[in-house]
């Protein structure tokens, strides 16, 4: 099934950071690194969306976080990671990756409350990136990817 929209943000995927609190006033604020990453994601979405209005109605979202293989890993372990024989566990957490879609409010959709279903997964890749596909909620589900080389995003 063809997605309504596909967004790619190259570089290491980052999850939404925890809110920080000012000592002086006690007010909560979003960390600068999170604001910067969300701004880049929003810009990538605007480039894909163009002049089109935000989507309406229930949506399904697929998020694939292609994580870099740690440089310190030996060759064999690196090969296993890139062949999807090693799970991409560690930071960022899946739930924090999911929270980054808040940046797409008002651009891709009116509000992220429209997302009725979501799939989020991490794989190792030699080309780190965050890939987001947006489907009509009624679109048939695809089989989960077995690795970055043959996953949802070629």
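Nothing in this text is a laboratory measurement; each read-out follows from the coordinates by a stated rule. Because the structure is a prediction, the values reported are computed rather than measured. Cβ sites come from the backbone with ideal geometry, for glycine too, and all protein chains shown count toward neighbours.
Below are the figures for this structure:
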quantity	calculated
Footprinting exposure proxy for 34, 119 (fewest neighbouring C-beta atoms within 10 Å first)	119, 34
Cα shape, the chain, gyration tensor, a/c 1.5 rule	oblate
Length gained when the stretch residue 52-residue 86 is fully extended (0.36 nm per residue, less Cα-Cα span)	8.3 nm
The chain - mean residue ellipticity at 222 nm from DSSP helices (-39,500 (n - 2.57) per run, n ≥ 4, rounded to 500)	-6000 deg cm²/dmol
Residue exposure sequence - 108, 120, 89 - by fewest surrounding Cβ within 10 Å	89, 120, 108
Stretch gain in nm, segment residue 136-residue 95, where the contour uses 0.36 nm per residue and the Cα spacing is subtracted	12.6 nm
Segment residue 23-residue 36, extension gain: residue separation times 0.36 nm, minus the distance between their alpha carbons	2.4 nm
Between region 71-102 and region 38-54, the alpha-carbon center distance in angstrom	26
Exposure proxy ranking, count of Cβ atoms within 10 Å, fewest first, for 72, 125, 36	72, 36, 125
